[in-house]
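Peer 1: Let me give you the structure first, and then I'll get to my questions.
Nothing in this text is a laboratory measurement; each read-out follows from the coordinates by a stated rule. Just so we're clear, the structure is a prediction, and the values are computed from it rather than from any experiment. For neighbour counting, all protein chains shown are included, and Cβ atoms are generated from backbone atoms with ideal geometry for every residue, glycine included.
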Ligand SMILES: Cc1cc2nc3c(=O)[nH]c(=O)nc-3n(C[C@H](O)[C@H](O)[C@H](O)COP(=O)(O)OP(=O)(O)OC[C@H]3O[C@@H](n4cnc5c(N)ncnc54)[C@H](O)[C@@H]3O)c2cc1C
């Protein structure tokens with residue numbers, strides 16, 4: 001176990017869960033984050049696998065959340081869309097819980113502190129990594145550490161110091177709004193062909209978290225806002241109070257996963273800082289939690305932590321994200337979106353596949369085979385074509 005403290009920059013899901021695992025095992029942890037309590041720009045959709053990882057540290061039931069009761073998938077024009085309703089069997093666990101990130105992230109940070117992590121409520125201004133150790137600089141002075149875990153999100157300072165910032169083609173852009181004064185139990189997803197992405201409305205206990213995401217290359221927040229506003233006008237009652245934001249989401253292209261580097265001597269990147277977001281759905285909370293857990297496991301275990309962590313991430317996270325990236329390029333085309341929505345409207349078995357995808361229970365690895373088994377053969381075939389084209393960049 002390292003002699004000096006481990007510095008973790010960023011107390012989002014990745015940093016706080018890493019801090020919880022490390023502190024619980026007796027390691028000294030400095031967890032830097034100036035922002036709490038705060039609302040992180042996000043849908044707040046928590047899949048079952050994300051909830052399971054967080055529940056190691058605290059009881060997620062303490063965080064107010066809306067269990068998804070149904071999802072409505074739509075595509076095409078906003079006022080004349082083609083749509084399918086996917087109800088959720090109420091006898092099992094909800095596939096998705098939607099919570100405020102203010103509440104979820106604070107509960108995780110408090111759990112880390114309770115386990116012994118020292119929260120340093122300061123913004124990190126610089127990080128220097130050398131063979132001897134790590135220096136973390138804040139306005140209050142310098143802090144020495146053995147290792148640094150960069151869990152500081154999509155605009156990661158640690159990433160910029162040890163590696164390089166994300167290129168524009170490695171990012172999605174999200175433009176969103178919290179709509180106060182209304183809520184629901186139905187998740188809305190509306191795919192958009194141009195720009196290729198989707199609009200979502202996730203119901204939280206006292207508001208809706210709404211947004212649109214699309215590849216950042218060639219896109220502007222103003223253009224996305226225009227599309228979102230047209231959808232809002234067609235979908236929600238007028239007069240709601242909208243709190244707006246825009247924020248980047250790492251969405252790595254397929255080819256980047258073969259040589260991505262998540263760690264090096266005395267440093268590791270976790271969560272968004274490492275680019276660990278599903279490039280298709282943009283689910284990131286689960287991958288942040290899982291990479292935080294893997295970073296802690298590597299730092300606590302035998303052998304070189306950097307190599308152990310890199311191997312774990314390459315084995316258990318990159319392959320699934322690469323499969324999603326291969327699908328992304330054409331998934332939002334009108335042709336495929338119509339096929340999908342029609343399949344959902346027609347087939348109970350396709351609806352079950354979709355519920356499992358939302359819940360994080362259906363890996364991309366077996367998606368085509370499972371869709372073929374629903375007898376929606378054309379959907380499975382088109383999906384296979386999308387994947388092959390995405391992999392060869394065609
Ligand atoms: C609009 C939008 C909607 C999304 N919806 C979903 C969703 O519904 N479900 C889902 O699973 N994922 C969603 N995601 C992705 C998800 O939000 C992220 O993948 C997830 O938050 C990553 O967690 P993290 O711990 O890596 O980083 P973050 O949650 O970004 O946390 C990073 C922390 O680092 C701190 N920090 C940054 N710089 C410094 C510094 N210099 N010094 C100290 N602290 C610093 C920040 O204050 C922050 O608290 C969405 C993303 C966006 C943008």
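Peer 1: Need one number: nm distance between label points at residue 352 and residue 122, each 7 Å from Cα along Cα→Cβ, rounded to one decimal.
Peer 2: Label-label distance for residue 352 and residue 122, simple model: 5.6 nm.
Peer 1: In addition: With an 8 Å cut-off on Cα pairs and a minimum separation of 6 or more residues, tell me the relative contact order of the chain in percent.
Peer 2: Once normalised by length, the contact order is 21 percent.
Peer 1: Kirkwood hydrodynamic radius of region 323-392 from all distinct Cα pairs, in Å?
Peer 2: About 12.0 Å, per the Kirkwood formula over Cα pairs.
Peer 1: Identify which of 125, 102, 368 has the largest mean-square fluctuation in a Gaussian network model of the chain, with springs joining Cα atoms closer than 10 Å.
Peer 2: Fluctuation is largest for 125.
Peer 1: Something else now. Taking 7 Å along the Cα-to-C-beta vector as the label spot, tell me the residue 365-residue 85 distance in nanometres, rounded to one decimal.
Peer 2: 3.7 nm
Peer 1: Order the peptides 151-159, 172-180 from the highest to the lowest mean number of other Cβ atoms within 10 Å of their residues.
Peer 2: Highest-to-lowest ranking by the protection proxy: 151-159, 172-180.
Peer 1: Going by a ≥ b ≥ c, the root eigenvalues of the Cα gyration tensor, does region 1-67 fall in the rounded group (a/c under 1.5), the prolate group (a/b larger than b/c) or the oblate group?
Peer 2: oblate
Peer 1: Would you mind telling me the antiparallel percentage of the DSSP bridges in the chain, rounded to 5? Present the calculation step by step, with values, prior to reporting the outcome.
Peer 2: Details: 55 of 75 bridges.
So the antiparallel bridges amount to about 75 percent of the total.
Peer 1: With axes computed from alpha carbons, what is the tilt in degrees of helix 318-331 against the longest principal axis of the chain, rounded to the nearest 10 within 0 to 90?
Peer 2: Compared with the principal axis, the helix lies near 30 degrees.
Peer 1: Find the percent of Cα-Cα distances in the chain that exceed 39 Å, and round it to a whole number.
Peer 2: 16 percent
Peer 1: Quick one: grab the alpha carbon gyration tensor of region 239-319, order the square roots of its eigenvalues as a ≥ b ≥ c, and give me rounded if a/c is under 1.5, else prolate or oblate depending on whether a/b is larger than b/c.
Peer 2: It comes out prolate by the Cα gyration axes.
Peer 1: Right, another one. In a GNM of the chain with a 10 Å cut-off on Cα contacts, which of 335, 132, 219 has the highest mean-square fluctuation?
Peer 2: Residue with maximal mean-square fluctuation among 335, 132, 219: 132.
Peer 1: Hey, what angle do you get for helix 348-359 against the long axis of the chain, alpha-carbon based, 0 to 90 degrees rounded to 10?
Peer 2: Helix 348-359 sits roughly 20 degrees off the main axis of the chain.
Peer 1: Which residues in region 229-251 place their backbone N less than 16 Å from a point set 7 Å from the Cα of residue 183 along the Cα-to-Cβ direction?
Peer 2: Backbone N within reach: 241.
Peer 1: Nearest 10 degrees, 0 to 90: what angle lies between the long axis of helix 334-346 and the longest principal axis of the chain (Cα atoms)?
Peer 2: Helix 334-346 and the main axis of the chain meet at about 70 degrees.
Peer 1: Next up: What percent does the relative contact order of region 323-392 come to when contacts are Cα pairs within less than 8 Å and at least six residues apart?
Peer 2: 47 percent
Peer 1: Let me ask something additional. Taking only DSSP H segments of four or more residues, each worth -39500 (n - 2.57), what value at 222 nm results for the chain once the sum is divided by all its residues, to the nearest 500 deg cm²/dmol? Each step should come with its number before you reach the end.
Peer 2: Details: 12 runs with 144 residues, N = 394.
It comes out at -11500 deg cm²/dmol, rounded to the nearest 500.
Peer 1: In a GNM of the chain with a 10 Å cut-off on Cα contacts, which of 226, 283, 382 has the highest mean-square fluctuation?
Peer 2: Looking only at 226, 283, 382, the largest GNM fluctuation is found for 226.
Peer 1: So if R0 is 51 Å, what FRET efficiency would residue 235 and residue 132 give, r being the distance between their Cβ atoms, rounded to the nearest 0.05?
Peer 2: 0.35
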